[in-house]
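Since every read-out is calculated from the coordinates, none of them should be taken as a lab result. Computed from a predicted structure; not experimentally measured. FYI the Cβ positions are ideal-geometry reconstructions off the backbone, even for glycines, and counts take in every protein chain you see.
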Amino acid sequence: MKQLELMIERVILASRWLLVVFYLGLTLALLLYGISFARKLWEFLAKVWTIEETDAILKILSLIDASLVASLVVMVIISGYENFVSRFDEAEGKEGELSWLGKIDAGSLKIKVASTIVAISSIHLLQVFLNANQYTSDKIMWLTIVHMAFVFSALLLAYIDRIMAQTKKGKDGD
């Protein structure tokens with residue numbers, strides 16, 4: 001019976017390697033998104049001398065938005081792999097290089113993801129406000145409400161993480 005239990009535990013533990021498929025898929029998606037970013041940048045460069053200032057700001061915000069999304073994907077790939085699959089061998093033994101690896105736990109990752117979503121939502125909302133004449137008042141109101149829901153969620157996650165850290169600190173101190 002103990003042998004069966006050990007075998008089940010090994011299978012369950014090995015199942016974490018199935019996550020690699022997701023991280024590789026996200027890496028491919030990031031590459032494709034990078035191509036999309038390059039296209040947006042090229043279009044901006046082609047029109048930079050002829051577009052209005054507001055349109056230039058909108059293009060730049062679009063590029064910032066894309067970089068935040070890309071950073072979010074990288075953060076999820078690296079910290080997910082580190083936390084759930086395996087440590088990166090490259091990070092060990094190289095002083096100063098990749099020193100941040102392994103320092104983002106699942107709770108920190110949630111807060112970073114939520115913060116990035118708030119930043120992306122803020123940029124999108126700013127783009128809407130700069131083009132307010134193209135939107136109805138109801139649409140702007142609902143976009144603002146959704147954005148505030150993201151802000152509230154991020155703050156709530158940060159608050160919960162703070163409580164968890166204090167609880168853990170209290171248990172470790174006892």
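Give me the number: length gained by fully extending Ile57 to Met1, i.e. 0.36 nm times residue separation minus the C-alpha to C-alpha distance, one decimal in nm.
Contour length minus Cα-Cα distance gives 13.5 nm.
Which of Ser79, Leu58, Phe152 sits closest to the plus end of the dipole of the chain, meaning its Cα is farthest towards the positive end, when Lys and Arg get +1 and Asp and Glu get -1 on the C-beta?
Phe152
Filter the DSSP H helices in the chain by two things, a Kyte-Doolittle mean of at least -1.0 and an axial alpha-carbon span of 20 angstrom or more, and list the hits by number.
Working: long enough: 19-47 (42 Å, 1.36); 53-84 (45 Å, 1.29); 106-130 (36 Å, 1.41); 137-173 (53 Å, 0.45).
Helices meeting the criterion: 19-47, 53-84, 106-130, 137-173.
Based on the Cα gyration tensor of the chain, what are the three equivalent ellipsoid semi-axes, each the root of five times an eigenvalue, rounded to whole Å and given largest first?
Equivalent-ellipsoid dimensions as semi-axes: 39, 23, 16 Å.
For labels at Arg87 and Ser122 in the simple 7 Å Cα→Cβ model, what's the distance in nm?
Each label point is offset 7 Å from its Cα along the Cβ direction, giving 3.5 nm.
How much length is gained if the chain between Tyr33 and Ser67 is pulled fully straight, taking 0.36 nm per residue apart and subtracting their Cα-Cα distance, in nm to one decimal?
Between Tyr33 and Ser67, full extension yields 11.3 nm more.
Could you list Glu53, Glu9, Glu82 so that the one with the fewest beta carbons within 10 Å of its beta carbon is first and the one with the most is last?
Exposure proxy ranking, most exposed first: Glu53, Glu9, Glu82.
Across the chain, how many lysine pairs separated by 8 or more positions, or lying on different chains, have Cα atoms within less than 27 Å?
Lysine pairs meeting the criterion: 18.
Measure out, as a whole number of angstrom, how far apart the alpha-carbon centroids of segment 116-174 and segment 1-21 sit.
Here the answer is 38 Å between Cα centres.
State the answer as a single residue: which of Leu24, Leu13, Gly34 lies farthest towards the positive end of the charge dipole of the chain, with beta carbon charges of +1 for Lys and Arg and -1 for Asp and Glu, about the Cα centre.
Leu13
With runs of 4+ DSSP H residues as the only contributors, calculate the mean residue ellipticity of the chain at 222 nm using -39,500 (n - 2.57) per run, divided by the residue total and rounded to the nearest 500. Before the final figure, lay out each step's value.
On the way: 5 runs with 136 residues, N = 174.
Computed mean residue ellipticity for the chain: -28000 deg cm²/dmol.
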